[in-house]
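A short write-up of the structure that comes next.
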Amino acid sequence: MKHRNKQLAQIALLIAGLAGLTLSMEASAADTPTNAGNIQAGKAIAFNRAQGNCLACHALPGGTMAGNVGPALPMKGVTFQQMFQTKEKLVAFLGDPEKLFPYANMPEFGKNKVLTQTQLEQVADYLWSLK
Amino acid sequence: MKRLLIALSILGLAGVSDAAQAVNWWDLGNTKVGPAETLKQFHTYFKEQNPNMPLEKYALGSYAFSPEMYSQYQEAIQFNPGDLTLSQGKALWTKAFANGKTYASCYPDGGKGVAAHYPMYDPKTHDIVTIGTSLNACRKANGEAPLKYGSSDMIALQTYLTSLSNGMPVDVQVQGPGATKAFEEGKAYFFMKRGQLNFSCATCHVAYAGKYLRAQIISPVQGQSAHFPTYRAAWSAVNTLQKRMQGCDKKVGAIPQPLESADYKRLEYFMSYLSNGIKINVPGYRP
């Protein structure tokens, strides 16, 4: 039932037209085993000024001199799991935020080739691990 | 059941789209409303953002948002290193050309209060004249070779001439279709997203003015032009508004435009108009 609900929720999202994100058949993020190594790599990318530099705009646990242009992450009262349902969607969001939220003033890390697909997946693994 | 879930998932995302909806700053980028209405809209927007901040305080840029930084600033300007550039500019300004005339001969009142009205639109050339290009036009009229934009002599002269309007409110005019077109082109540049980060000037200096980008507080566009040329600790030198445009363009991974290019002149025209009413204070001081 739980699984069924999740499926329904996904369908609902699509119907609501809010998903806008391709439920990509590649689904590469799902194939990558999430391990401590990925999480660590993702965190390093998120903190690195020359890579993700997420700290420029978001507070993240353990990060110093964080900006507040974007919301502190993880957002209060919402887990990444609740917000994005699947890790693929989080990866897609990071790759092209405007596709999901037309006004999101966040760099398009994938579309504009700031980060590679692998790096995006590592960042997503890292975020996914935050509680 | 399905219905309920739809409702729930919309609710789940509502927190996010709410934030997006508050961002009506985007409407300020409408290039059809004309200069007077634009200025009114910006004043209203910033008043909503910072209800207790009077217009003149925008001259302080990011210092207006942090009392600690502001007191550091007050200490720093006791001995503004930029004053050195100012005196270099004064020396150049008073030195005679080969024909015996000086820069002062090119401007009304010997240059006093002139910079407050710059940049201006020249209906003859259909172009924007900035303090920088006016200085080279003056040289040309007196048989001198132009100075390179960004050279230390040019910056010093820009600094000195602008300082002759210190204490006067910025008073840039946009009148007639040609001027309005140039103004709206500047506005378009300001609102156009660009670079690897896909940011516009407005994203940072309108939508997120007053917020932290890492450790830096982002200044509102309103008031920015009034203290340029400015000394900047990061430059260890005085430099111009257009130099800062290049820096911010680079920061988002965009290709910066050349100094005094059509794009930057129009952008400066637009930004300076938004500072109308705010007092000139040159050379400024920034971290």
Farthest positive-ward along the protein assembly as shown dipole, Cα basis, beta-carbon charges - from B:Q196, B:G223, B:Y58: B:Q196
Taking only the alpha carbons of the protein assembly as shown, the radius of gyration and the largest Cα-Cα distance, Dmax, both in angstrom, are 25.1, 93
For B:F199, other-chain or 5+-apart residues with amide H closer than 5 Å (H placed, Pro excluded) are B:R194
Per GNM of chain B with C-alpha springs under 10 angstrom, the most fluctuating residue out of B:D27, B:D83, B:D249 is B:D27
Out-of-range pairs (alpha-carbon distance over 30 Å; input B:K40/B:K148; B:K101/B:K187; A:K43/A:K76; A:K131/B:K251; B:K140/B:K243): B:K40/B:K148; B:K101/B:K187; A:K131/B:K251
Computed, not fitted: 222 nm per-residue ellipticity of the protein assembly as shown from DSSP H runs ≥ 4 (each -39500 (n - 2.57)), nearest 500, equal to -13500 deg cm²/dmol
Using a 1.4 angstrom probe with every protein chain in place, what is the largest-first accessible-area order of B:M53, A:M65, B:M69, B:M120? A:M65, B:M120, B:M69, B:M53
Largest to smallest accessible area among B:K211, B:K101, B:K193 [probe 1.4 Å]: B:K101, B:K211, B:K193
Within the protein assembly as shown, which cysteines find no other Cys whose Cβ is under 4.7 angstrom from their own? A:C54, A:C57, B:C201, B:C204, B:C248
How many partner chain Cβ atoms sit within 10 Å of a residue's Cβ in peptide A:77-84, on average, as a whole number? 2
Quick one: pull the percent of accessible area on the range B:39-136 belonging to carbon and sulfur, 1.4 Å probe, ligands and nucleic acids left out. 56 percent
Taking B:R194, A:R49, B:R244 and ranking on accessible area (1.4 Å, protein atoms only), highest first, one gets A:R49, B:R244, B:R194
Tell me, what is the per residue accessible area of the range A:66-123 in Å², probe radius 1.4 Å? 44 Å²
Before I look further, what does chain B give for accessible area per residue, probe 1.4 Å, in whole square angstrom? 47 Å²
Lys and Arg at +1, Asp and Glu at -1: neighbours of B:N142 with Cβ under 14 Å from its Cβ sum to +3
Whole-Hz ³J(HN,Hα) for each residue in the range B:129-143, computed from phi via Karplus 6.51 cos²θ - 1.76 cosθ + 1.60 with θ = phi - 60°, x for glycine and proline: what do you get? 9, 9, 4, x, 5, 5, 5, 5, 4, 5, 4, 4, 4, 10, x
How big is the dipole moment of the protein assembly as shown about its Cα centre under a simple scheme where the beta carbon of each Lys and Arg is +1, that of each Asp and Glu is -1, and everything else is neutral? Debye, nearest 20, please. 460 debye
Solvent-accessible area buried by A and B, counting both chains, probe 1.4 angstrom, square angstrom: 2600 Å²
Could you tell me how far the Cα centroid of the range B:211-287 sits from the Cα centroid of the range B:152-188, in Å? 13 Å
Amide H neighbours of B:A237 under 5 Å, counting only residues 5+ apart in sequence or on other chains, H built in-plane at 1.01 Å? B:R232
Kirkwood Rh in Å, taken over all unlike Cα pairs in chain B: 20.2 Å
Mind checking the mean number of beta-carbon atoms from other chains within 10 Å of the Cβ atoms in A:63-72? 4
Consider all pairwise Cα distances in the range A:35-129 and report the whole-number % of them above 20 Å. 28 percent
Mean other chain Cβ within 10 Å across B:211-218 is 5
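The values are calculated or read from the model by the stated rules, or taken from the named source; none is laboratory data. Small disclaimer: the values here were computed from a predicted structure and weren't measured. Ideal geometry is used to build each Cβ from the backbone, glycine not excepted, and the neighbour counts take in all protein chains shown. What goes into the accessible areas is simple: the full protein's heavy atoms, side chains included, and nothing from ligands, DNA or RNA. Shrake-Rupley method; radii C 1.70, N 1.55, O 1.52, S 1.80 Å.
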